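First up is the structure itself, then whatever we jot down about it.
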Amino acid sequence: MDDVYQAYLALLRFLGENLDQLSALARKKIAAANGDDLMGLDEVMKQEQAMTLAFRGMEQTREKLLAQLGGGNVPLSRLPERFPPEMQGQAREAVAALQTQYQNYRREAGVARAVLERHLREIDAIITNMGGAPAPEGGPGYVPPPPPDTPPSMKTDFRA
């Protein structure tokens, strides 16, 4: 049974390492956006997508291990209580580290999002100044031009 607890702690550490990698990718995303490096930004986003798929696999592993521990849907903060007394210290440390890594990622991802949104607003302003359609009120985005009106001689009356 100790193997399951150790496996769960290893999974928590692995999740933390992946969150650190996502934080680094968010910093790269900021640098690419500020440097107008669209190819670099695209590469970073591809790496993020690959990591997202890896997180899905880790979630499945986490659910299996938690079921073996008889934990059900235990919140992360209460997880150390499910460990044997001699392992609760390790579990608390792993949980605290993971929570810190998650908060760091959230902060980095928030900055990256703000930078990208600012650049998108700038692009929308340039397009509007060049005579393009303004962005919809919901935020930045591409607005296709309205379709040209068809001359009356080309319209078909389907009622006939």
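The values are calculated or read from the model by the stated rules, or taken from the named source; none is laboratory data. Keep in mind it's a predicted model, so treat the numbers as computed, not measured. Protein only, heavy atoms only, side chains kept; ligands, DNA and RNA dropped before computing areas. Shrake-Rupley method; radii C 1.70, N 1.55, O 1.52, S 1.80 Å.
Using heavy atoms of the protein chains and a probe of 1.4 Å, the accessible area assigned to ILE123 is about 90 Å². State log₁₀ I(q)/I(0) for region 1-50 at q = 0.26, 0.29 Å⁻¹ as given by the Debye formula over alpha-carbon point scatterers of equal weight, solvent excluded. After summing over all Cα pairs, the log10 values are -0.88, -0.98. With the Kirkwood sum run over all distinct C-alpha pairs, region 1-124 has a hydrodynamic radius of 16.1 Å.
Ordered by solvent-accessible area of protein heavy atoms (1.4 Å probe), largest first, the residues ASP42, ASP36 come out as ASP36, ASP42.
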